[in-house]
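Encoded as structure tokens, the structure appears first; notes follow it.
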Amino acid sequence: MFAKLSLFSLLAASALAAGGHGLSYDNIDKLATPGAKALLKYVQSQYGLHSISGQQDIGSWHWVTENLGVSPAILGSDFMYYSPSAVAHGGKSHTVEDVIEHAHRNGINAVVWHWDAPTCLPDTAEQPWYSGFYTKATCFNIANALGNETEYNLLLRDIDAIAAQIKRLDEANVPILFRPLHEPEGGWFWWGAHGPAPFKKLWDIIYDRITTFHHLHNVVWVCNTGDPAWYPGNEKCDIATIDHYAQAGDHGVLADKYQSLKALTKGERVLALAEVGSIPDPTVQMQDKIDWAYWMVWNDEFIKDGKHNSREFLDSVYNSTRIVTLDGPVKVTKLLEA
Ligand SMILES: *[C@@H]1O[C@H](CO)[C@@H](O)[C@H](O)[C@H]1NC(C)=O
Ligand SMILES: *[C@@H]1O[C@H](CO)[C@@H](O)[C@H](O)[C@H]1NC(C)=O
């Protein structure tokens with residue numbers, strides 16, 4: 001791990017950081033740790049040259065390694081079961097352990113937070129507590145909560161619980177790509193159920209609580225919307241991403257979505273696909289200059305069913321000189337040592 005961090009730092013310190021797009025802006029958090037700075041610089045360095053492969057969920061990550069013989073560079077994990085509502089219902093998580101282990105194998109970590117609503121979870125057979133991040137599974141109303149001291153304090157309690165986990169990562173010198181409040185414009189998660197204003201306030205609260213209150217700076221902040229009404233702004237996002245689930249087996253490169261996200265961010269942010277079902281074709285991406293910096297396949301059937309991504313397609317992707325992996329033709333370490 002320490003070897004990795006020093007390699008990251010070496011890269012960040014050199015002029016190698018500017019990738020195909022020449023983007024090399026600083027972290028939005030001016031106090032970002034050397035690890036968080038190096039992580040952002042590394043993603044920037046690949047943007048336009050390669051796409052960094054990613055796989056959500058440690059079980060599915062191992063499936064790729066075992067079945068394709070190559071390991072995804074990014075491991076996607078979830079803070080979901082550290083949410084206090086989840087813990088109260090017996091939720092248990094090994095995310096921090098998984099993240100640290102992946103950092104030890106020189107991997108990059110991306111963490112999302114399916115935030116079980118702080119209160120008002122009916123926990124019925126139809127809407128069980130572990131679905132408590134869905135709008136339909138909770139009566140928690142974010143617009144009201146921001147003006148209700150009790151509920152506001154519950155929001156802070158929950159953010160503090162996640163900050164405690166981020167602190168464990170900080171103590172292990174592990175930076176993460178952190179993607180809270182994802183897919184807000186869909187409205188299917190409670191943080192997006194009452195329009196952009198409360199969502200944007202909550203984004204600011206999370207950022208301030210983690211950086212200013214808890215003094216945690218091992219985070220690269222990943223925004224996750226392509227909707228101008230919901231985008232927090234470049235000054236609040238290190239990386240701009242969207243999620244997209246095409247029809248199974250459709251490996252289109254999402255050119256329209258790429259161009260509109262590029263316009264929204266004025267070409268000043270690295271763009272990536274934080275969740276996909278079928279992987280955008282690396283060869284077409286190169287030909288059409290649709291430079292998603294990374295993509296992450298969602299877990300289980302999306303990677304395993306042979307329909308979203310056929311075995312033949314996966315073999316070619318994971319053996320592509322356009323794709324960064326841990327141990328395929330283009331390796332994270334090789335690039336860092338280059
Ligand atoms: C504030 O939130 C608490 C806890 O959910 C609730 O019991 C109370 O009725 C709310 N107060 C107002 C004025 O809505
Ligand atoms: C990967 O690509 C190389 C070079 O094109 C080829 O020789 C090799 O057989 C491929 N490996 C797999 C597992 O597809």
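Applying the condition of being under 25 Å from the mean Cα position of the chain (by Cα) and under 19 Å from GLY186 (Cα atoms) to the range 118-138 and asking which residue is most open to solvent (accessible area, probe 1.4 Å) yields LYS136.
Of the candidates TRP203, TRP190, the single residue that is within 16 Å of ligand 1 (Cβ to nearest atom), closer than 26 Å to LEU273 by Cβ, in contact with a helix residue (DSSP H, G or I) (Cβ under 9 Å, 6 or more places away or on another chain) and not aliphatic (A, V, I, L, M) is TRP190. Selection over the range 161-171 of residues that are touching a helix residue (DSSP H, G or I) at 6+ places or on another chain (Cβ under 9 Å) and surrounded by fewer than 16 Cβ atoms within 10 Å (Cβ to Cβ) gives a count of 2. Filtered by the rule that a residue be closer than 12 Å to GLN46 by Cβ, in a loop (DSSP other than H, G, I, E, B) and at pLDDT 95 or above, the range 313-338 gives a lone residue, ARG322.
The rows are residues; the columns are (1) among the acidic types (Asp, Glu); (2) over 16 Å from GLN165 (Cα atoms); (3) open to solvent by 10 Å² or more (accessible area, probe 1.4 Å).
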residue	(1), (2), (3)
PRO34	no, yes, yes
THR65	no, yes, yes
ALA73	no, yes, no
PRO84	no, no, yes
HIS94	no, no, yes
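Screening ASP250 with (1) assigned to a loop (DSSP other than H, G, I, E, B); (2) surrounded by 15 or more Cβ atoms within 10 Å (Cβ to Cβ) gives one miss only, at (2). Can you confirm whether TYR318 is touching a residue at least 60 places away in the same chain (Cβ under 8 Å), within 21 Å of TYR245 (Cβ to Cβ), within 16 Å of ligand 2 (Cβ to nearest atom) and touching a Gly at 6+ places or on another chain (Cβ under 8 Å)? Yes. Every listed requirement among (1) within 16 Å of ligand 1 (Cβ to nearest atom); (2) part of a helix (DSSP H, G or I) is met by LYS136 save one, (1). Restricting attention to the range 217-236, the residues that are buried (at least 22 other Cβ atoms within 10 Å of the Cβ), out of contact with any Ser or Thr (no Cβ under 7 Å at 6 or more places or on another chain) and within 18 Å of ASP29 (Cα to Cα) add up to 3.
Checking the structure you have, find out if any residue of the range 139-154 is away from ligand 1 (no atom under 16 Å from the Cβ), open to solvent by less than 20 Å² (accessible area, probe 1.4 Å), in a helix (DSSP H, G or I) and at pLDDT 95 or above. The answer is no; no qualifying residue exists.
Of all residues in the range 181-197, count the ones that are of a type outside the set (Asp, Glu) and assigned to a loop (DSSP other than H, G, I, E, B). Number of matching residues: 7. What do you reckon, is ALA248 more than 26 Å from GLN46 (Cα to Cα) and touching a helix residue (DSSP H, G or I) at 6+ places or on another chain (Cβ under 7 Å)? So ALA248 fails the test. For the range 287-308, indicate whether the set of residues that are among the β-branched types (Val, Ile, Thr), more than 16 Å from ligand 1 (Cβ to nearest atom) and over 14 Å from SER53 (Cα atoms) is non-empty. Yes, some residue in the range 287-308 is among the β-branched types (Val, Ile, Thr), more than 16 Å from ligand 1 (Cβ to nearest atom) and over 14 Å from SER53 (Cα atoms). Tell me yes or no: at least one residue of the range 67-85 is out of contact with any His (no Cβ under 8 Å at 6 or more places or on another chain), within 16 Å of ligand 2 (Cβ to nearest atom), among the hydrophobic types (A, V, I, L, M, F, W, C) and over 27 Å from THR225 (Cα atoms). Within the range 67-85 (the criterion being out of contact with any His (no Cβ under 8 Å at 6 or more places or on another chain), within 16 Å of ligand 2 (Cβ to nearest atom), among the hydrophobic types (A, V, I, L, M, F, W, C) and over 27 Å from THR225 (Cα atoms)), the answer is yes, since at least one residue qualifies. Each residue in the range 47-66 was checked for being within 16 Å of ligand 2 (Cβ to nearest atom), out of contact with any helix residue (DSSP H, G or I) (no Cβ under 7 Å at 6 or more places or on another chain) and not in a loop (DSSP other than H, G, I, E, B), and 3 pass. Against the numbered list (1) within 23 Å of LEU146 (Cα to Cα); (2) in contact (Cβ under 8 Å) with a residue 60 or more places away in the chain; (3) crowded, with 22+ Cβ neighbours inside 10 Å, ILE206 comes up short only at (2). Of all the numbered requirements in (1) part of a strand (DSSP E or B); (2) open to solvent by 40 Å² or more (accessible area, probe 1.4 Å), SER260 misses one, and that requirement is (1).
Looking only at the range 1-46, residues that are charged (D, E, K, R) and either at pLDDT below 50 or not in a helix (DSSP H, G or I) (or both) come to 4 in all. One residue stands out among those in the range 270-311 that are outside any strand (DSSP E or B) and of a type in the set (Phe, Trp, Tyr): the one that is farthest from the chain's Cα centre (by Cα), which is PHE302.
The values are calculated or read from the model by the stated rules, or taken from the named source; none is laboratory data. Keep in mind the model is a prediction, meaning the values are calculated, not measured. When we count neighbours, we look across all protein chains shown, and the Cβ atoms used for this are built from the backbone with ideal geometry, even at glycine. Protein only, heavy atoms only, side chains kept; ligands, DNA and RNA dropped before computing areas. Shrake-Rupley method; radii C 1.70, N 1.55, O 1.52, S 1.80 Å.
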